[in-house]
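Just so you know, all these numbers are worked out from the coordinates, no wet-lab data involved. This structure is a prediction, so every number in the text was calculated from the model and none was measured. Cβ sites come from the backbone with ideal geometry, for glycine too, and all protein chains shown count toward neighbours.
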Amino acid sequence: MSNVTTYVVFGGVYNNHISLAALLDAATEHGAEEIYCLGDIGGFGPSPDKVFPHLRDTANLHVMQGNYDHSIGNRLEDCACGYTDPRDNHFAQISYDYTFENTSEPNKDWLRELPTEFRHTWAGKRVLMSHGSPRRTNEFLWESMCPDGFLKYLLDESEADLLFVTHTGIPWVRTLEDGRQVVNVGVIGRPPNDGQTTVDYVVVRVGDDTIEILPQKLEYDFEALAAEMRDEGLPEEFVETVLTGWWTTCLEILPGRERSVGPY
Amino acid sequence: MATDLINLDRLIAKAEERKHLPAPELAFQHLDTLWLQVTGTLCNLACLHCFISCGPKNESHPFMSKEQVFQALEDGARYGVKEVYFTGGEPFMHPDIKDLITKTLEIAPLSILTNGILIDDAMAAWLGETFRNSRYTFDMRVSLDGTTAEENDAIRGRHTFEQILQGIDKLWANGLNPVITVTTCHAELGAAEGRSKFIELLKDRGITQPRLKFLSPFKIGREERRDSGYQNYERLVEGDLIEGEEDDLQCSSCRMVTAKGVYPCPILIEVEEARMGDSLADGMTPIKLDHPACYTCHVEGVTCRT
Ligand code: SF4
Ligand code: SF4
């Protein structure tokens, strides 16, 4: 009998304390030994401080700094997502200012000190976890925008056989010809523009010489989240995304392929 | 206004003091973006602001042969290219355009910069189908320079407004949502109000997901004659680049291949000294930011990517 160890990898909390609690329960059910969060704790959702007890006090949870966390932690003026469309910027700024004002000073300090990558050796493979891409925290790795040759270059440069990222909000898994893999774990903070209300994470089962990537859908009480967002006075556009599963803002960054799926 | 004048004086004085310094050198990081000047400088239009003076008679860069394009793609794939752009001139003048598109999409995502006029129904249908079936994303970037025929045609030529919009309609009808590219020759086009006018125009035509990109004009090519060209102080010297700018300047991660060889970026293909060699391999080296157009990139943070 070979030993199998289970890990859970997720990203993009976006203040969604309800899905975060559901994720941690699911990780326990999966028997996860360690849990990895790839960053972007704030933005979008309600009551930013509510996620921190979970993040800071879960013993086997390791949290990485995303671009959002870097901005909030260092008290910068915006999220550095780099939108150019004024409408996108308008909504991005509402969400940033709200998160900034409602994140306590100690929690900001905690975000500022987070590490920016994790490395492991699993089943003899070099595993790297980054927020956006190994070379740039705020680089988007979309499925339709990542040629095999480019992913190979990223893996070569960062000396990895298996790479996990988040940041875009839409999950995907690619296995290259040489067997190396890149996994975008998606986010747990909002649905992946697919018309569903579920969110995404990944379970990894590591044997003596095998690694199995199991993408998961997570259900949570999205209606409770929507109600809380309304109570907090967050834009109805954000609430709509939670309720319908379609993105309504920050669409400019979506490649043509990913955008053509949704109605906006 | 007064502050603008003072700043300008200071800028000129500062440039005067530093003009003996060499131009900054920019390292090459990685080939993220491969530009292919597939139809050279040949275009069905001759827009006033065209930064490479393209037109029906400009053959300074001829069409690339299919072999030249395939070679550049093969080289690009070897370097781990992230995305490919076709430009010209007008890419849809190329007789082998379908083969070029098909081959590229096997390797990387593709964006085509076009004025949209030559896209007929059959081509639009083929493009839509290609978009749906390709492994990587496929984008059309259609240039439009105003929200009225008057505004646009003054720059792009008579009757082009309606023709361009028809091209956009055909693409949209076939499931390909083009990125409308606007050159901000008039500052107000890029401002919030200008943007909403474009969004309105597209929505009125039934395009429910308007995608827009605004580009600053470069004062070279025909644009040099239309506007004022660059002033003496508009040159970069060592020490001008600010922290992190190396990453932001597209030429640290892009190269342009034309029928005549490899160049640092899409902007400088008519500058003979900027030519880096025959093939993409010759372009994998640092460059000197010694052209006045580099000043626009520095000041405006311009990138030609979508
Ligand atoms: S701006 Fe574009 S469409 Fe106009 S002449 Fe130049 S290449 Fe042709
Ligand atoms: S013109 Fe702009 S993109 Fe081209 S080499 Fe100069 S700085 Fe780089």
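Summary of values
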item	result
For region B:40-45, 3J(HN,Hα) per residue [Karplus equation, 6.51 cos²θ - 1.76 cosθ + 1.60, θ = phi - 60°, Hz, x = Gly/Pro]	x, 9, 8, 9, 7, 10
Pair B:T208, A:T121: separation of 7 Å Cα→Cβ label points (nm)	5.4 nm
Chain B: C-alpha gyration tensor shape, a/c 1.5 cut-off, then a/b vs b/c	oblate
Range of Cα positions in region B:238-301 per principal axis (Å), largest first	33, 19, 18
Kirkwood Rh, Cα atoms: Rg over Rh of region B:63-204	1.00
Amide H within-cut-off set for B:R141, under 5 Å, with H built and near neighbours excluded	B:I112, B:L113, B:T114, B:V179
Cross-link reach list, aspartates and glutamates versus B:K260, counting only Cα pairs under 14 Å and skipping chain neighbours closer than eight places	B:E59, B:E67, B:E270, B:E272, B:E273, B:D278, B:D282
Label point distance in nm, B:Q29-A:A59, each placed 7 Å from Cα along Cα→Cβ	4.2 nm
Rg over Rh [alpha-carbon atoms, Kirkwood Rh] for region A:73-164	1.06
Choice from A:P86, A:P115, A:P191 showing the highest fluctuation, given a GNM over chain A with Cα pairs closer than 10 Å	A:P86
When each of B:K66/B:K170; B:K57/B:K170; A:K152/B:K82; B:K170/B:K203; A:K125/B:K82; B:K98/B:K213 is checked by Cα-Cα distance, pairs over 18 Å	B:K66/B:K170; B:K57/B:K170; A:K125/B:K82; B:K98/B:K213
Point-charge dipole on Cβ atoms (K/R +1, D/E -1) for region A:185-264, about Cα centre, debye to 20	280 debye
Unit charges on C-beta of K, R, D, E only; dipole of the protein assembly as shown, Debye	1220 debye
Residues A:M64, B:M284, sorted so that the one with the fewest Cβ neighbours within 10 Å comes first	B:M284, A:M64
For chain B, share of DSSP beta bridges that run antiparallel, in % to the nearest 5	20 percent
Gain on full stretching of the segment that runs from B:E59 to B:N133 - 0.36 nm per residue minus C-alpha separation	23.2 nm
Which of A:Y264, B:Y263 has the fewest Cβ neighbours within 10 Å, and the rest in rising order	A:Y264, B:Y263
Binned Cα-Cα distance frequencies in region B:80-131 - 5 Å width, integer %	4, 19, 31, 29, 12, 4, 1
Positive minus negative residues near A:E177 (Lys, Arg vs Asp, Glu; Cβ under 10 Å)	0
Inter-probe distance in nm under a simple model that places probes 7 Å from Cα toward Cβ, at A:D25 and A:S260	3.9 nm
Antiparallel DSSP beta bridges within chain A, percent to nearest 5	60 percent
Interchain or long-range residues, amide H under 5 Å from A:Q65's placed H	A:T116
DSSP H segments from chain A that extend 18 Å or more along their own axis, Cα-based, with Kyte-Doolittle mean of 0.0 or above	A:17-30
Directionally averaged shadow of chain A, computed from the convex hull of its alpha-carbon atoms, nm²	13.3 nm²
Equivalent-ellipsoid semi-axes of region A:15-105, from the Cα gyration tensor, Å, largest first	27, 13, 12
Listed residue (A:P235, B:Q166, B:I180) projecting farthest to the positive dipole end of the protein assembly as shown, Cβ model	B:Q166
Sites B:E246 and A:S158, calculated FRET efficiency, Cβ-Cβ separation with R0 22 Å, nearest 0.05	0.70
Difference of contour (0.36 nm per residue) and Cα-Cα distance, B:T285 to B:Q166	38.6 nm
Electrostatic dipole magnitude of region A:13-140 [Cβ: Lys, Arg +1; Asp, Glu -1; Cα centre; debye, to 20]	440 debye
In sequence order, calculated HN-Hα J values of region B:22-34 (Karplus, 6.51, -1.76, 1.60; Hz; x Gly/Pro)	x, 5, x, 9, 10, 5, 9, 8, 6, 7, 6, 10, 9
Alpha carbon convex hull of region B:5-115, projected area averaged over orientations, nm²	10.2 nm²
222 nm mean residue ellipticity, helices alone, for the protein assembly as shown (DSSP H n ≥ 4; -39,500 (n - 2.57); rounded to 500)	-10000 deg cm²/dmol
Vicinal HN-Hα couplings computed from phi for region B:86-95 (Karplus, 6.51 cos²θ - 1.76 cosθ + 1.60; Hz; Gly/Pro x)	9, 9, x, x, 10, x, 6, 7, 6, x
Modelled FRET efficiency - R0 45 Å, A:T5 with B:E67, Cβ distances, 0.05 increments	0.30
Share of alpha-carbon pairs per 20 Å distance bin for the protein assembly as shown, given as whole %	20, 51, 27, 2, 0
Over region B:1-132, relative contact order from alpha-carbon pairs under 8 Å, at least 6 apart, %	24 percent
Distant-in-sequence amide H partners of B:L212 (H built 1.01 Å from N, under 5 Å)	B:I180
For the protein assembly as shown, share of DSSP beta bridges that run antiparallel, in % to the nearest 5	40 percent
